Amino acid sequence: METPPDSPLLPLALLGRDRHISLAEELLRLTGVAVEHHRYGVLSLAFSNEEEAKLQTLVEAQKNLGLRAEMVSGSSLVRIEPAADPRAKSAALFPDDHRVDNRRLLEGLKALALSRGVEIREYTALRGVETSGGRVAAVLTDTERIATPTLINALGAWARQLSGDPGAPPVHPVKGHMMSLVDGPALRHVVYGNHGYIVPRVDGRLIVGSTMEEVGFDTRVTAEGVARLIEIATGIAPAAKKATIAETWTGLRPATPDGLPVIGKGALEGLVVAGGLFRNGILLGPLVGEIAAGIALGETPTHDLKPFDPARFVGSRDTRTELSR
């Protein structure tokens, strides 16, 4: 529901969403990890005539594409999501948007990788790539040289810092504060509103996010950031003001100048880029990972990756557009 209907990102986002359906089943069968994949849908609240008009336009555009979306009146909103702020004029319901527990997803993927013989070196910084004749020859960490003919740059917000890559994508970090609430109101849907969102978990936690801060690689949790999260939470579900703050944290989203991912062959032979997923890392991550692995193995992608070609930034100035909700 966050992706504009005319964006080249939408078809990829829909494929990413569908991949999660089978992935959740695969991870449960192969690892025993339940990622809590739920299909209760997403509600986006409107508190003004302007917000209502924007949601109406979005709903109509998505319906024209054959996607399920509908407007919900204020009186109906009270019935389907009683904890939502009753001051909302209306809402848009996107019933086919899903959710997973991102931490459990990563836990399952890690367990599966280890069971397949993958070596994971945590807390090992990748500093650069060594080349020979215009192709990847090795990667360099703080302590060693690892010979390899193939490398996937999936460094997230740090993708641009791969020394030795002449075409490193112009990715920069956008900080986001998050928090977890317990003993708060019960919500069924993921609910957007007040320029943020609340994601309910099956154990009763409410995940609240998120700020958008252009502050470089600063990962501190600040009072200002937490105050904004409280404002978001209580603006969506007023009863959240009595909830307990269980956890706060920050993350760095990898943003690109045009807001689109970078997926495809890099400037060096043997280098593949998979990044710039910005606010869609969990949605797109599994699918993009499989696409990148296929490219690294010499397969021809079945998806249209032209809008995401890393070469679109080569030789251009890094003019950062302001990325906002």
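The values are calculated or read from the model by the stated rules, or taken from the named source; none is laboratory data. Please read these numbers as outputs of a predicted model, since none were measured by experiment. Here Cβ is always computed from backbone atoms with ideal geometry, including for glycine, and neighbour counts include all displayed protein chains.
Of everything in the stretch 241-263, what is free of Cβ contacts under 8 Å to residues at least 60 places away in the same chain and not in a strand (DSSP E or B)? Give them in sequence order.
Of everything in the stretch 241-263, those that are free of Cβ contacts under 8 Å to residues at least 60 places away in the same chain and not in a strand (DSSP E or B) turn out to be 241, 242.
What do you reckon, is residue 281 surrounded by fewer than 20 Cβ atoms within 10 Å (Cβ to Cβ) and part of a helix (DSSP H, G or I)?
Taking the combined requirement at face value, the residue satisfies it.
Any idea which of 131, 143 is loosely packed, with under 14 Cβ neighbours inside 10 Å, over 30 Å from residue 187 (Cα atoms) and over 23 Å from the mean Cα position of the chain (by Cα)?
143
Here is a list: 247, 231, 224, 213. Which entry is modelled with pLDDT of 95 or more, in contact with a Ser or Thr (Cβ under 6 Å, 6 or more places away or on another chain) and of a type in the set (Asp, Glu)?
247
Taking the stretch 176-225 as the search range and keeping residues that are under 19 Å from residue 97 (Cβ atoms) and charged (D, E, K, R), which one is nearest to the chain's Cα centre (by Cα)?
201
Assess whether residue 150 counts as being in contact with a helix residue (DSSP H, G or I) (Cβ under 6 Å, 6 or more places away or on another chain), farther than 26 Å from residue 220 by Cβ, surrounded by fewer than 21 Cβ atoms within 10 Å (Cβ to Cβ) and polar (S, T, N, Q).
Yes, satisfied.
Taking residue 121 and the conditions (1) part of a loop (DSSP other than H, G, I, E, B); (2) closer than 21 Å to residue 26 by Cβ; (3) among the basic types (Lys, Arg), which numbered condition does it fall short on, given that it satisfies the others?
Among (1) part of a loop (DSSP other than H, G, I, E, B); (2) closer than 21 Å to residue 26 by Cβ; (3) among the basic types (Lys, Arg), the lone unmet condition for residue 121 is (2).
Give 138, 157, 113 a once-over and let me know the one that is in the same structural domain as residue 261 (by TED's automatic domain parsing), small (Gly, Ala, Ser) and without any contact (Cβ under 8 Å) to a residue 24 or more places away in the chain.
138
Considering only the stretch 223-263, state which residues are out of contact with any His (no Cβ under 9 Å at 6 or more places or on another chain), closer than 29 Å to residue 134 by Cβ and buried (at least 21 other Cβ atoms within 10 Å of the Cβ).
261, 262
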